[in-house]
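To start, the structure itself, in structure tokens.
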Amino acid sequence: MSETVLQHPNLRLRQAATWLRHPVLWLSIALFLFCMIWLFQGLSGNYEFILKLRMKKLAALLTVGSAVAVSTILFQTVSANRILTPSIMGFDALYVMMQTLLVAALGTTGFAMIGAAPKFIVETGAMTVMALLLFGTLLRKGARDITRMILTGVILGTLFRAGSGLIGRVLDPNAFATVQSVSFANFSRAHTDVLGIGATITVLGCVIAMWLAPRFDVLGLGRDRAIALGLPHGRIVVAALGLVAVLVSVSTALVGPVAFFGLIVAGLAHAIAQRRPGGAHHRILLPVAALVAMCVLVGGQTFFERVMGQQATLSVVVEFLGGLFFLFLLLKGKIR
Amino acid sequence: MIRVADVNHQIDGNPILTNVSCDIPQGEVTALIGPNGAGKSTLLKLMGRIEPLQTGHVAINDLDVGTTPSGQLALEMAYLGQNLSVASRLRVRELIGFGRWPHCKGHPGPVDHAAVHDALVMFDLVPFADRFLDELSGGQAQRAHLAMTFAQTTPWMLLDEPLNNLDMAHSRALMKRLSDLRDAGRSVVIVLHDLNHAAAWADHLIAMKNGRIAASGTAEEVLTPQTLAALYETDVQVLRYAGRPLVLHHI
Ligand SMILES: Nc1ncnc2c1ncn2[C@@H]1O[C@H](COP(=O)(O)OP(=O)(O)OP(=O)(O)O)[C@@H](O)[C@H]1O
Ligand SMILES: [Mg+2]
């Protein structure tokens, strides 16, 4: 009796310590701190205006971070590996091509007239349909041959980029310039005209992904085992690819293509989540990945913009490090 | 009973299974034997709705495999395939936990935890419960996958070469366990290459060759020198031991 009383405070302390070690918790705290620094560091002069501007940028970074993270994790689950990302497979190039194609088909003036949000929805819809047609057929039978997948991705990416270029040339240079402005990632100058709709879609996508998370866990066992356990495999693959397509559309529309960022995020998320039991489950993996991505973007942008005074450097650094990480994974043969 | 009726299967125009019909009795251990490439795994996959049927019908306990909801079938039969690679990096306990998915859909309760624990104990996996699958030996990994299949606790079990990688003791223990399940009223379909395990433990044998059923019946009926010579295109002696055929396949 007295023993249990004595143990009590100790136990509670240990429980608190276990909670604090939960990656979702400490990543949330870190993200909160980064956001506060981003918003309030060196605030002077026209408070209201600057805060509003910073808040807009912050929302864009958070949206892009979670969209890239969730789409990468989901794509890796569907394609049963740890080295492919939607961008390596040419998803963002496909989005840019669909964008160009729509401008070509509907005309610059007509299409630009309908407003940023409806335009974005049409583009995302077209992109999702194309992605499902292309990658659905590739992945429904289960991803078996990783080498073939990488090769397919490289070819598709090049094909889509060439496609955009070709259509761009047929278009007049003016129209092409509006499209090309989103062909390169730039975290500091997000296209905030689609921020509202993009953020809404991302939040929705993340909620759906968390709701389907237990099913994605089963999907990660591979096609045969998933079917044996009664998972409607084809439908879950389509759901995952649909989410990937929509989220890639959001991040590409906001900041342009990000090639290797997702790879870093997924690698870090797996490393962090794996240290605790149940860490392979998407209910943990998805939020951890999203938080990691948002921390990297907000923290990195704060550092480069405020400390180094270089607005546009973050994407370059992230892509460079991501590229190195990709090489590292390839060379170590850690492609599963 | 699993009823397979007029099943034909082609891949890229090549016939893999031709006019396969058979009844697999309930409450028995049925062994599928035959040379490499005979179509055993393909037949098992069609029975387990892992691959869609092209022609013909498969029904398990009168549930048509083509039309019954997959989730309902997962409560009826468990399937263990030949390929054990898993992309997700899972701990042994987590993998076994997925065997409970058809019952709990990702929200395990006390019954599910108990079933996982029983499976861990049954396959001597308690010391490895919190290890990652890629940190296990081949036989330990095989046992982890078997434990997942057992944790599903279904009336039917379809096992594709479950003895792969298992040592002598664990092989025998598995076959014994399957026959215990049979005695408890459950049914097992098992692809075996070791004919002596089939002779010792199976009630019913189905021999396949070139996508057709070459012979079926009890061990006495199927494991004869003539049938085996035709099946594997190689001569083999068959002795008798303890009232069962003993195939001298190794000399
Ligand atoms: N995906 C595939 N594409 C083309 N042919 C296939 C495919 N899968 C299986 N086959 C062919 O189908 C035939 C039957 O294969 P199956 O795996 O059913 O044989 P098996 O009896 O299980 O052989 P083993 O004892 O080697 O496991 C083989 O000739 C094989 O080459
Ligand atoms: Mg086989």
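The values are calculated or read from the model by the stated rules, or taken from the named source; none is laboratory data. This is a predicted model, so every value here is computed, not measured. Note that we place each Cβ from the backbone using ideal geometry, even for glycine, and neighbour counts take in every protein chain shown.
Among residues belonging to the range B:10-54 that are surrounded by 15 or more Cβ atoms within 10 Å (Cβ to Cβ) and among the β-branched types (Val, Ile, Thr), point out the one that is nearest to ligand 2 (Cβ to nearest atom).
Here the answer is B:Thr42.
Have a look at B:Ala141, B:Ala169 and point out the one that is over 19 Å from B:His113 (Cβ atoms) and out of contact with any helix residue (DSSP H, G or I) (no Cβ under 8 Å at 6 or more places or on another chain).
Residue meeting the stated conditions: B:Ala169.
I'm told B:Ser88 meets every condition in (1) within 16 Å of ligand 1 (Cβ to nearest atom); (2) closer than 20 Å to A:Phe216 by Cβ; (3) over 17 Å from the mean Cα position of the chain (by Cα) except one. Can you identify the failing condition by its number?
Status for B:Ser88: all satisfied but (1).
If you scan the range B:56-71, which residues turn out to be at the interface with chain A (Cβ under 10 Å from one of its Cβ atoms) and touching a strand residue (DSSP E or B) at 6+ places or on another chain (Cβ under 7 Å)?
none
Within the range B:52-85, count every residue that is under 16 Å from the mean Cα position of the chain (by Cα) and without any contact (Cβ under 8 Å) to a residue 12 or more places away in the chain.
Result for the range B:52-85: 1.
Could you tell me which of the residues B:Asn164, B:Asn196 is of a type outside the set (Val, Ile, Thr) and out of contact with any Pro (no Cβ under 9 Å at 6 or more places or on another chain)?
The match here is B:Asn164.
Considering only the range A:210-306, give the helices (runs of 4 or more DSSP H) lying wholly within it that have at least 1 residues that are more than 10 Å from chain B (Cβ to nearest Cβ) and among the small types (Gly, Ala, Ser).
The qualifying helices (runs of 4 or more DSSP H) are A:233-255, A:261-273, A:282-302.
Is there a residue in the range A:136-144 that is part of a helix (DSSP H, G or I), modelled with pLDDT under 80 and under 28 Å from A:Ser315 (Cα atoms)?
So far as the range A:136-144 goes, no, none of its residues is part of a helix (DSSP H, G or I), modelled with pLDDT under 80 and under 28 Å from A:Ser315 (Cα atoms).
Would you say B:Gly71 is in the same structural domain as B:Leu163 (by TED's automatic domain parsing) and away from ligand 2 (no atom under 16 Å from the Cβ)?
yes
Condition check: more than 9 Å from chain A (Cβ to nearest Cβ), part of a strand (DSSP E or B) and at pLDDT 95 or above. Does B:Ala78 satisfy that?
For B:Ala78, the condition - more than 9 Å from chain A (Cβ to nearest Cβ), part of a strand (DSSP E or B) and at pLDDT 95 or above - is not met.
For the range B:85-197, which helices (runs of 4 or more DSSP H) that fit wholly inside it have 1 or more residues that are within 14 Å of chain A (Cβ to nearest Cβ) and within 30 Å of A:Phe75 (Cβ to Cβ)?
So the answer is B:92-98, B:101-104, B:110-122, B:138-151.
Please work out which residue is nearest to the other protein chains (Cβ to nearest Cβ), limiting yourself to the range B:26-51 and to residues that are assigned to a loop (DSSP other than H, G, I, E, B) and either more than 16 Å from ligand 1 (Cβ to nearest atom) or of a type in the set (Gly, Ala, Ser) (or both).
The extreme case among them is B:Gly48.
Would you confirm whether any residue within the range B:52-59 is assigned to a loop (DSSP other than H, G, I, E, B), out of contact with any Leu (no Cβ under 7 Å at 6 or more places or on another chain) and either within 15 Å of ligand 1 (Cβ to nearest atom) or not polar (S, T, N, Q) (or both)?
Scanning the range B:52-59 turns up at least one residue that is assigned to a loop (DSSP other than H, G, I, E, B), out of contact with any Leu (no Cβ under 7 Å at 6 or more places or on another chain) and either within 15 Å of ligand 1 (Cβ to nearest atom) or not polar (S, T, N, Q) (or both).
Looking at the range B:24-45, I want the residues that are in the same structural domain as B:Leu181 (by TED's automatic domain parsing) and at positive phi and have a partner that is near ligand 2 (Cβ under 9 Å from one of its atoms) and not hydroxyl-bearing (Ser, Thr, Tyr) with Cβ atoms under 6 Å, at least 6 apart or on another chain. Which pairs are those?
Qualifying pairs under 6 Å: B:Gly34/B:Lys40.
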